[in-house]
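K.L.:
Can you keep this structure in mind? I'll have questions shortly.
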Amino acid sequence: MTPWASPEQPTLADFGQDVWWIVLIKVVGVFAVLVLMTLFAIVLERKVVARMQQRTGPNRVGPRGSLQSLADGLKLAFKEDIMPALADKPVYFLAPVIATIPAFVAFSVIPMGPVVSIFGEQTPLQLTDAPIGVLIILAMSAMGIYGIVLGGWASGSTYPLLGSMRSAAQMISYEIAMGLSIVAVFLYAGSMSTSEIVAAQADGNEVSFFGLEFTGPSWYVVLLPVSFVIYVIAVVGETNRAPFDLPEAESELVGGFHTEYSSLKFALFFLAEYINMVTVSALAATLFLGGWRAPWPLSIWDGANSGWWPLLWFFLKVVAALFVFIWLRGTLPRLRYDQFMRFGWKVLVPVALVWILVVATMRTVSREADLSAGQVALFVGVPVAVLVLLGLAVASRTANRDTRVMAEEAAAGGVHAADPEPEVLPPADGGRRPAGAPSRSGGGFPVPPMDLVVPPSPRLRREPVATDGTVVGTGRRTTPTTSQEDGDE
């Protein structure tokens, strides 16, 4: 019996047949799973990073600090909700909601298990599915960009605006690479449905290599390693996680697009980021790691892929992917923004396009020439891999030629290994750029305007200090009665 016909393997015909209360249970279950996974991921991140840095981490709230993230969420709920005076209030309020809702919706097409019995009703452990299920996830991740961009723009501040612009460019750029990385999965699985992609990885592939017959791996992480590597790199940039957290670079942008947010609005942005981490980790498990199916050697057990056990295998894979996110954050330094964008457009996207061409060529040759998988890999895959490696080596050597030449001159006793730095410091008087000085685009230091007028706080008492009616805050809270100091008379 093929996995497509297995009674426990859901197909597209199994969806849309549930009674209303089963659908309600699934909706509440998906919401609860995502919230609990967010609380777990926050504690796991703080514990793992603390262990990497040889410190304790959370250890006060709950057993071994396990309830620290819940305490943080309650603290955010009771903090004062501050709205900037220059904010666009409707958009400022809706932006966190727009960022959070697509994060929840994207998880609706993730398969978490086979067909099980819930109160006597046979139903798959998946909220819904569609022939284009993976595209739904990509569409929802693209919708989340609007919440971040609108939040930065509506804050009425410079740093959030810069962070939102960075986020838009970054997420769109790396979303292209992420979409290209999973095209090879569609070619192998023959479907864009998440449940059918899991079914396509059910059994091993029969491989014939010059008369030698054996069963090869079926997980696409082994069959399509380049796609998996590109996907992993792209989703780290897509979720704004370190070392690609440029929209939230505190050394440059204070906090990025959410600088002006507090209380529950900030919590919604925080929740959306971690839910997106869980969603892309679950999608990685679905597309490349066999989905909810047990890994070898657990798959030898007949009951490993039936009942409620697959739910355990699925979440173990998700937790392992979350650990990779945390590992990267505690290990790698943040990239410069220009390096990051150059890597996405000039490395990831071209490599993904070449890899799609290679996979399509191998499958076409295998089908038209009636060759085995081993013969196609030997006669097509190996020559293409050699050509790609040679091309990358030549490109790397050409790109680093100037640096290599300067290093050789410095080693040979050259006086100037590099050109002197241009004089780009601001003027000593601290004023505006004088006439004839180098412009900012031409290398001048970006000095903020010294005559910037900031609106006074509405909670401070204001007094006129100039004849033209300009007012400034006195720095003292407003009181019902005021009296002057003796020295002010």
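K.L.:
Which percent of the accessible area of the stretch 103-191 is formed by carbon and sulfur heavy atoms (probe 1.4 angstrom)?
P.N.:
Roughly 73 percent of what the probe reaches on the stretch 103-191 is carbon or sulfur.
K.L.:
If you don't mind, there's one more thing I want to ask. With a ≥ b ≥ c taken as the square roots of the eigenvalues of the C-alpha gyration tensor of the stretch 271-334, please select rounded if a/c is under 1.5 and otherwise prolate if a/b is larger than b/c or oblate if it is not? Intermediate results must be reported in sequence, preceding the final value.
P.N.:
Numbers: a/c = 3.13, a/b = 2.10, b/c = 1.49.
In terms of gyration-tensor shape, prolate.
K.L.:
When the solvent-accessible surface of protein heavy atoms is calculated with a 1.4 angstrom probe, in what order do Met112, Met192 fall, highest first?
P.N.:
Met192, Met112
K.L.:
Given axes a ≥ b ≥ c from the Cα gyration tensor, I'd like to know whether the stretch 235-298 is rounded (a/c under 1.5), prolate (a/b larger than b/c) or oblate.
P.N.:
Values: a/c = 4.44, a/b = 2.30, b/c = 1.93.
Judged from the Cα gyration tensor, the stretch 235-298 comes out prolate (a/c at least 1.5, a/b above b/c).
K.L.:
Can you work out ³J(HN,Hα) from phi for every residue in the stretch 277-293, in order, using Karplus 6.51 cos²θ - 1.76 cosθ + 1.60 and θ = phi - 60°, giving whole Hz and x for Gly and Pro?
P.N.:
Here the 3J(HN,Hα) series is 4, 5, 5, 5, 5, 5, 5, 4, 5, 6, 7, 10, 10, x, x, 7, 7 Hz.
K.L.:
Further, regarding this structure: Can you give the FRET efficiency to the nearest 0.05 for Val382 and Met165, using r as the Cβ-Cβ distance and R₀ = 45 Å?
P.N.:
Computed FRET efficiency for Val382 and Met165 comes out at 0.55.
K.L.:
With only alpha-carbon pairs counted, each pair once and no self-pairs, how large is the Kirkwood hydrodynamic radius of the stretch 21-137 in angstroms? Intermediate results must be reported in sequence, preceding the final value.
P.N.:
On the way: mean 1/r = 0.0565 Å⁻¹.
Here the Kirkwood hydrodynamic radius works out to 17.7 Å.
K.L.:
Work through the residues other than Val115 whose Cβ is under 12 Å from its Cβ and net out their charges, Lys, Arg +1 and Asp, Glu -1.
P.N.:
In short, -4.
K.L.:
Structure shown: which of Lys47/Lys346; Lys26/Lys75; Lys47/Lys79; Lys89/Lys317; Lys26/Lys265 lie over 32 Å apart, alpha-carbon to alpha-carbon?
P.N.:
Pairs exceeding the cut-off: Lys47/Lys346; Lys89/Lys317.
K.L.:
Can you tell me which of 338-349, 269-280 comes out highest on packing, and rank the rest after it, using the mean Cβ neighbours within 10 Å?
P.N.:
Highest mean packing first, the order is 269-280, 338-349.
K.L.:
Run through all the Cα pairs of the stretch 283-384 and give the fraction in each 5 Å bin from 0, expressed as whole percent.
P.N.:
Per 5 Å bin, starting at zero, the Cα-Cα P(r) for the stretch 283-384 comes out as 2, 10, 12, 10, 12, 15, 17, 14, 6, 2, 0 percent.
The values are calculated or read from the model by the stated rules, or taken from the named source; none is laboratory data. Keep in mind that this is a model prediction, so the values were computed, not measured. Cβ atoms come from the backbone with ideal geometry, glycine included; neighbour counts cover every protein chain shown. All accessible areas refer to the heavy atoms of the entire protein, side chains included, with ligands and DNA or RNA removed. Shrake-Rupley method; radii C 1.70, N 1.55, O 1.52, S 1.80 Å.
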